[in-house]
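Notes follow the structure.
We did not get these values from a lab; they are worked out from the coordinates using the rules stated. Fair warning: this is a prediction, and the values are worked out from it, not measured in the lab. Note that each Cβ is placed from the backbone with ideal geometry, even for glycine, and that neighbours are counted across all protein chains shown.
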Amino acid sequence: MPSYAFVDGQYVPRHLAALPLEDRATNFGDGIYEVWVVAQSKLVDEEKHFARLERSLGELKIPMPMGQKAIAQHVRRLIRRNNIKFGTVYLQISRGASKRDHVPAANITPSITIFTNNKPGLAEARRAPKKLKIITGPDLRWARRDIKSTSLLPNVMLRMEAHQQGCHEAWMVDDQGMVTEGTSSSSWIVTLEKTVVTRALSNDILPGVTRDTVCELIARAGYEFEERGFSVEEAKHAAEAFVTSATNFVGPVVEIDGTTIGNGQIGEVTNKLRDLYLRAAGL
Ligand code: PLP
């Protein structure tokens, strides 16, 4: 059975799905995207991702191509059609296609594409957390990182470097030497006093949906919590470090630039938060 994709109102076999040559997401990175995890055929953190989708579009003045309810219906239909029990949904909305010009045509209509990935391995998340090794590098991105834009070149460059060094993720570092976030995840440390720390929301980082849910879980678990920046040096001497993202959940970091974090094992606080998150996500 072929996997289907949704492209501007049509369900098409995934391998035949295509965007016009002059779609602005490919020519200019003029589009936004969202990624949901699917667990037990349900979207994890569904509403929060939709809220961020609408916010990102609003900031770029791209109209919603259809209402949220209609988009959600198409997403669900695709999950059913592609028989996804555990996996991911990628949704992209670009400003649309028109003759390549920095100023888009006045009558341009946004385009929407949705596809799924089957990841049965996600069902094992509870049993087999991956211990992440990361590198750090300069944050070369623009000044509106709060928008989930398809322009991801600096993220891609640094992540490729991490991959080349046998690492899973890279943390980006601002001009003041403070960690902003991962190339596709939010960054966290746990201090020796067991305070959980992550950078405060601003235009410097993406407001991670998983970050938001984990903030709620930290409050419920009764851990001390500080929203503040931290340096790479502080992270290397922290008791624990972890990342959060829709696909990594709460991912334990055991090595930063070759320095072992704590005793190199998954920390107690990280483990607890991961467990709480997976439970909340239905995994
Ligand atoms: N930061 C960046 C730069 C990201 O690309 C992502 C996810 O792709 C995140 C953080 C984590 O966001 P979320 O928890 O919504 O997946």
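I want to verify a result. In a Gaussian network model of the chain, Cα cutoff 10 Å, which of these has the top mean-square fluctuation: SER202, SER151, SER187? Answer for the Gaussian network model of the chain: SER202.
Modelled spin-label separation between HIS237 and LEU140, with each label point placed 7 Å from Cα along the Cα-to-Cβ direction: 3.1 nm.
Label separation (SER151 vs ASN107): 2.8 nm, computed from points 7 Å beyond Cα along the C-beta direction. Counting other Cβ atoms within 10 Å as a rough exposure proxy, the listed residues LEU273, LEU278 run LEU278, LEU273 from fewest neighbours to most. Relative to the longest principal axis of the chain, what angle (0 to 90°, nearest 10) does the C-alpha long axis of helix 153-164 take? That helix lies at roughly 50 degrees to the long axis. The Rg/Rh ratio for the chain is 0.97, where Rg is the radius of gyration of the alpha carbons and Rh is the Kirkwood radius. Listed values for region 102-114 are Karplus-derived 3J(HN,Hα) couplings in whole Hz (6.51 cos²θ - 1.76 cosθ + 1.60, θ = phi - 60°), namely 4, 8, x, 4, 5, 9, 5, 10, x, 10, 10, 10, 9, and x replaces Gly and Pro. Ordering TRP36, THR213, PHE230 by the projection of their Cα atoms onto the charge dipole of the chain, which places +1 on the Cβ of Lys and Arg and -1 on the Cβ of Asp and Glu, puts TRP36 at the extreme positive end.
Spacing of the modelled spin labels on THR260 and LEU60, each 7 Å from Cα toward Cβ, amounts to 4.4 nm.
When HIS74, HIS102, HIS168 are arranged by Cβ crowding within 10 Å, least crowded first, meaning fewest neighbours, the order is HIS102, HIS74, HIS168.
Extension gain for GLN10 to GLN165 (0.36 nm times residue separation, less C-alpha to C-alpha distance): 51.7 nm. The long axis of helix 268-281 is offset from the longest Cα principal axis of the chain by roughly 30 degrees. In the chain, the DSSP-assigned H stretches of four residues or longer account for a calculated mean residue ellipticity at 222 nm of -8500 deg cm²/dmol, using -39500 (n - 2.57) per stretch and the full residue count as denominator. Here the Karplus relation 6.51 cos²θ - 1.76 cosθ + 1.60, evaluated at θ = phi - 60°, turns the backbone of region 39-55 into coupling constants of 10, 6, 6, 10, 6, 7, 6, 3, 5, 5, 5, 5, 4, 5, 4, 5, 5 Hz, with x for every Gly and Pro. Potential lengthening of the chain between ASN117 and MET1 amounts to 40.4 nm, from the contour at 0.36 nm per residue minus the alpha-carbon distance. If you take all other residues with their beta carbon under 12 Å from the beta carbon of PRO138, and give Lys and Arg +1 and Asp and Glu -1, the sum is -3. Cross-link pairs exceeding 20 Å in C-alpha to C-alpha distance, out of LYS48/LYS148; LYS194/LYS272; LYS148/LYS236, comprise LYS148/LYS236.
Rounded to the nearest 10 degrees, the inclination of helix 68-81 to the longest alpha-carbon principal axis of the chain is 80 degrees.
Packing here is the average count of other Cβ atoms within 10 Å per residue, and on that basis the peptides 64-73, 263-272, 206-215, highest first, run 206-215, 263-272, 64-73.
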